[in-house]
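**Q** Got a structure for you, written out below as C-alpha cells; questions coming shortly.
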Ligand SMILES: Cc1cc2nc3c(=O)[nH]c(=O)nc-3n(C[C@H](O)[C@H](O)[C@H](O)COP(=O)(O)OP(=O)(O)OC[C@H]3O[C@@H](n4cnc5c(N)ncnc54)[C@H](O)[C@@H]3O)c2cc1C
C-alpha cells in the first residue's frame, strides 16, 4: 500500500488521514499550525444539505448520513445535533427567493418545506422575531462542534497508525519524472507515493511551483460567540441573502457569522490581527442577528474572530487526482461549506489516493471546469 502524506490538519485532512490509515495506508499528516487552526476552527459548524448546489447535494446527503453515527465511530462526542436548518425571509423579495429554493430542492427529493408565515416559523423556533415573514425548513440538517470533530478524526487516525504532526509546515511538494516523491518540510524531506493537498486557502502556495492553480478569492467572514445561554434555538439559522447565519452550540453559546466580507489580498502572509473584526463590522452583524433573534442583542459577547474562505468562481470545491502530476490529490476550495462535507471528503480523498473509483460522482469538482470560463456561482450560501 502507498505511503501517503497529507498537507493540512483541518476537517478534510484529518478525515482523510483516518480513512486512509484504517484502510492500511502509511499516513503522515503535516499541519503548519495547530489542528483546526484555520477554517475548520473558524467555521460556524453547520451540517446542511439545504441550499446546496445540485452537484454537491449527493456529498452533503452522504455526509449527513455519516454524521449520524460519527461520534460513536470515532469514540468521541462531536456534539452533532440534527435539529434542522431554517432559512429566513425578512422581506417580500426574500419570500420569493425562499419559495423558489424550496421548490428546487423538493424536486431534488430533499426533505425541505416552505413555512409560509411567522406563526409557522416561530412554531419551529419561538425565539425568532415577529418580523420574519417565511422560511424554508430542512429537518435533517443540523450542526456539530468543529474543533471536537477535527480532534476526534485525528485521534482515531492516530489509533489506526497515522502520524499526525502539528507545527510542521510543508515548504514544497517534491516532484521528479512527472510524479510526486514526497515533501520538503522545515524538519527535512519525507518520501511518499501520494501527496494530498488539503491546505484550504494556502493550497495554491504548494500548487503554483508545480504550475498548477485552483482559482480562488479569499473573503473574510466575521464571527461572534456569546456567553452560554439557556436553550433558545434548536435549528441552525440562515437568511435568504446570506448576510448572517448562526446556531446555538451544545455549550449554550450563540455562534453567529456575518456575510462574505472584504477580500484578503496576501493570504500567504496573513497575521492573526488582520482577521480581527472591526467595531463597525461587529455592530453590523449584531444588528442583523438581533433583528432576527432579539435575544442575541442582550447576550454578552465573549469572543469574536474572522475566518478566511477559499472561494472558487462557482463556489464548488476541487476534489480530484491531478492529471499533470502522478500521485497528487487535491481537496480544497470548499467555498464556505466544507465542514459538513468533511467526513465524506475524507472518504473521497482516500478513494482517489488509493486509486479506487470514487464512491460518489466527482466530475463537477475537477479543475478542468474552470478552463476558459468566467462563471460566477452563488457565492452567498456559506454556513
Ligand atoms: C466563518 C466561517 C463559517 C463557516 N461555516 C460553515 C458551516 O456552517 N458549514 C460548513 O459546512 N462549512 C462552513 N465553513 C467552511 C468550512 O469551515 C471549511 O470549508 C472547512 O473547514 C475546510 O476544511 P479544510 O480542512 O479543507 O481546510 P482548513 O480547515 O482551512 O485546513 C487547512 C489546514 O492546512 C494547513 N496548511 C496550509 N498550508 C500548509 C502547509 N504548507 N503545511 C502544513 N499545513 C498547512 C492550515 O494551517 C490549515 O489548518 C465556514 C467557514 C468559515 C471561515
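**Q** Test residue 175 against the criterion of being away from the ligand (no atom under 11 Å from the Cβ) and either in contact with a strand residue (DSSP E or B) (Cβ under 8 Å, 6 or more places away or on another chain) or farther than 18 Å from residue 13 by Cβ (or both), and give yes or no.
**A** yes
**Q** Could you count how many residues in the stretch 221-242 are at pLDDT below 95 and within 13 Å of the ligand (Cβ to nearest atom)?
**A** 1
**Q** A further question on this structure: Check the stretch 21-36 and report whether any residue there is part of a loop (DSSP other than H, G, I, E, B), more than 9 Å from the ligand (Cβ to nearest atom), under 30 Å from residue 195 (Cβ atoms) and out of contact with any strand residue (DSSP E or B) (no Cβ under 8 Å at 6 or more places or on another chain).
**A** Yes, the conditions are met somewhere in the stretch 21-36.
**Q** Exactly one of (1) within 12 Å of the ligand (Cβ to nearest atom); (2) modelled with pLDDT under 90; (3) in a helix (DSSP H, G or I) is unmet by residue 261. Its number?
**A** So residue 261 meets the others, but not (3).
**Q** Moving on. Considering only residues that are over 16 Å from the mean Cα position of the chain (by Cα) and within 15 Å of residue 234 (Cβ to Cβ), which ones fall in the stretch 246-264?
**A** Across the stretch 246-264, the qualifying residues are 248, 249, 250, 251, 252, 253, 254.
**Q** Of (1) assigned by TED's automatic domain parsing to the domain that holds residue 333; (2) surrounded by fewer than 23 Cβ atoms within 10 Å (Cβ to Cβ), residue 13 satisfies all except one. Which?
**A** In the conditions (1) assigned by TED's automatic domain parsing to the domain that holds residue 333; (2) surrounded by fewer than 23 Cβ atoms within 10 Å (Cβ to Cβ), residue 13 misses (2) alone.
**Q** Output the residue which, of all residues in the stretch 293-319 that are surrounded by fewer than 22 Cβ atoms within 10 Å (Cβ to Cβ) and more than 22 Å from residue 220 (Cβ to Cβ), is nearest to the ligand (Cβ to nearest atom).
**A** Only one residue fits best here, namely 299.
**Q** Run residue 322 past the list (1) within 18 Å of residue 263 (Cα to Cα); (2) surrounded by 20 or more Cβ atoms within 10 Å (Cβ to Cβ); (3) more than 14 Å from the ligand (Cβ to nearest atom) and report the number of the one that doesn't hold.
**A** (1)
**Q** Sticking with this one: Based on this model, can you work out whether residue 232 counts as more than 20 Å from the chain's Cα centre (by Cα), under 30 Å from residue 143 (Cβ atoms) and in a loop (DSSP other than H, G, I, E, B)?
**A** Yes: the conditions hold for residue 232.
**Q** Which residues, counting only those in the stretch 41-77, are assigned to a loop (DSSP other than H, G, I, E, B), farther than 30 Å from residue 291 by Cα and within 14 Å of the ligand (Cβ to nearest atom)?
**A** Scanning the stretch 41-77 gives a single hit, 56.
**Q** Got a sec? Which of 336, 346 is within 15 Å of the ligand (Cβ to nearest atom), touching a residue at least 24 places away in the same chain (Cβ under 8 Å), over 27 Å from residue 21 (Cβ atoms) and crowded, with 24+ Cβ neighbours inside 10 Å?
**A** 336
**Q** Taking the criterion of being more than 8 Å from the ligand (Cβ to nearest atom) and on the phi > 0 side of the Ramachandran plot, would at least one residue in the stretch 3-19 satisfy it?
**A** no
The values are calculated or read from the model by the stated rules, or taken from the named source; none is laboratory data. Computed from a prediction, not measured in an experiment: that's the story for all the values here. Virtual Cβ from ideal backbone geometry, glycine too; neighbours counted across all protein chains shown.
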